[in-house]
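Asks: Please read through the structure below; I'll follow up with questions.
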Amino acid sequence: MATSSPKLEASPSEDNIFANSFQDLDIQSDKGLTPSPVPSQPSSDPPQAATNNNKQQNQRLPKQKKKQDPLKVSDSDEPLITPVGDPWPRPYHFEGDGLRRVVPYHFTYNTHCKERWRNRPLLEIYESEFRDRPLEYYRQSMIRGTIFVNGRRVGPDYILRNGDLISHTLHRHEPPVTEDPVQIIHEDEDMIVINKPAGVPVHPAGRYNFNSVVEIMKSDRGPAFLPYLCNRLDRLTSGIMFIAKNPTAAEALGIKIKDRTVRKEYIARVMGEFPDGEVVCDQPILQISPKLGLNRVRANGKTARTVFKKLAYYPAEGENDVNERPKTPEQVQEEKLRPWVNKKGYSIVRCLPVTGRTHQLRVHLQHLGHPIQNDPIYANRRVWGVDLGQNDADATQNTDEDIVSRLSRMGKDEVAEAVAYYDAMVDRYEEKRAEKLTGELCDICETPLYSDPGEHELSLWLHSLRYEDAGGAWSYVSPLPRWALPPKGMSGPTSVGGMEELVEAVKDENPEIS
């Protein structure tokens, strides 16, 4: 159901200025990542050193005046002065429901004219590239001066030229994220090792700005905090991340990661009962849609290797009773040919990525017939069919074009929701989707508002559990996430051992990690 303000708005396309439509779901490789600082925005009113008291300081949500035009501009040809949105303290708001919200604020998006936009009218670009809002909204924004070029008001028929800077100032509504803290695993004079909460992007991107790890840490540590990111996790993934305090430390760790002398272990919750023992998957991975960031196992893809080992299996309620009954020969054959049929239980699986391809763990697990249980793309039968892409390296079951077409038709919002990997959940999914738009409008900008995200939109059951130096100089391990612990009424492991068994499985082919 809809909740009280502030609420989510329909995401403006400027949030991703032609970025990957599914970038929020990308498990990014940190191979060859060039460490770079995340610049802090200058504040016009520098605060005292920030502390963890920001949460209490930001509890009260100010009342919004109704239907004001916050950006009155003159008719002169002088450059427009617009707010860019850098309030301090950060406008966080908590309602006791487990979510961190941001009070809506004004913000200016900027992007330079792309080659394909040249010599085309400005309004035509918004009509073809930013289709989430009515065309009349963009027309009126240009007339009012909230969409402008090179700091000056222009009309809808303005012809874009090479070098033009297009700006759009609007009332920004960030999606809420979990209020789980950014846990500090280790800190010294050069490096901070954190346990990133799921659902929180690493740095400002897309719809997220202040609700990002960098900005949350800046809120706690003060505006002078200048992080250097050494590895990255996607928004939905939780776990170990390294944030250097200086470029020298960032570069040193970056070299180790690139040379594969740093071991990484992930933990995943996958569909069905995963096989016993160490399972090595060395199927190559091909990106079949750069626009969607979609990958799959293909013979002509890039070399990829992952070691998997089951930590635990938790059957569904009543599954043991069913399994005790004798199976007919037809049932035995069916399980061999279609092992996904009886995937009501789930396994907790340890994952050692030897290489670092995009979506590598998700794609390899899907190929093995055990996709991550709540993966909105790779465990989605509406995209991959009933077999979920298992053993389809030759694309005989689904062509690349079929997969891309289905995913494109679903759209970003639907994929972000996707809980339709079980047929019984389809109806629930459709009901939830119908509830997303509350029917209410923002009092200031009249933007349609969304209800709060569900738990499945805030996390992917994939967690960066451990990073360690192959030479034994250091090792950092996070606690197991809640979804990897034994369910109520069942027993199972609450921690993992060392990585020796995983490394042993590939040490001959990959001696650099041994």
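Asks: Report whether or not Val182 is buried (at least 22 other Cβ atoms within 10 Å of the Cβ) and either in contact (Cβ under 8 Å) with a residue 24 or more places away in the chain or over 17 Å from the mean Cα position of the chain (by Cα) (or both). Step through it out loud before you land on a result.
Replies: On the way: buried (at least 22 other Cβ atoms within 10 Å of the Cβ): no; either in contact (Cβ under 8 Å) with a residue 24 or more places away in the chain or over 17 Å from the mean Cα position of the chain (by Cα) (or both): yes.
The answer is no for Val182.
Asks: If you don't mind, there's one more thing I want to ask. Can you name the residue in region 271-295 that is charged (D, E, K, R) and either surrounded by fewer than 17 Cβ atoms within 10 Å (Cβ to Cβ) or modelled with pLDDT under 90 (or both) and, of all such residues, is nearest to Leu361 (Cα to Cα)?
Replies: Going through the qualifying residues, I end up with Asp282.
Asks: When only residues in region 135-149 that are surrounded by 15 or more Cβ atoms within 10 Å (Cβ to Cβ) and of a type outside the set (Phe, Trp, Tyr) count, which is nearest to Asn119 (Cα to Cα)?
Replies: Within region 135-149, the match that is nearest to Asn119 (Cα to Cα) is Val149.
Asks: Need at least 3 residues that are acidic (Asp, Glu) and at pLDDT 95 or above per element, so show me which strands (runs of 3 or more DSSP E) inside region 76-170 make the cut, counting only ones lying wholly within it.
Replies: Of the strands (runs of 3 or more DSSP E) lying wholly inside region 76-170, none has at least 3 residues that are acidic (Asp, Glu) and at pLDDT 95 or above.
Asks: Moving on to the next point. What residue, of Ala312, Ala268, Ala304, is in contact with a Phe, Trp or Tyr (Cβ under 7 Å, 6 or more places away or on another chain), modelled with pLDDT of 95 or more and not in a helix (DSSP H, G or I)?
Replies: Every option except Ala268 fails the conditions.
Asks: Further, regarding this structure: Read through the list (1) assigned to a strand (DSSP E or B); (2) touching a helix residue (DSSP H, G or I) at 6+ places or on another chain (Cβ under 6 Å), then give the number of the only condition that Asn195 fails.
Replies: (2)
Asks: A follow-up question, please. Being part of a loop (DSSP other than H, G, I, E, B) and under 30 Å from Thr248 (Cβ atoms) is the requirement here; does His203 meet it?
Replies: yes
Asks: Which condition breaks for Glu179 when tested against (1) over 24 Å from Val102 (Cβ atoms); (2) of a type in the set (D, E, K, R); (3) modelled with pLDDT of 90 or more?
Replies: (1) is the only condition that Glu179 fails.
The values are calculated or read from the model by the stated rules, or taken from the named source; none is laboratory data. Keep in mind the model is a prediction, meaning the values are calculated, not measured. Backbone-built Cβ (ideal geometry, glycine too); neighbour counts: all protein chains shown.
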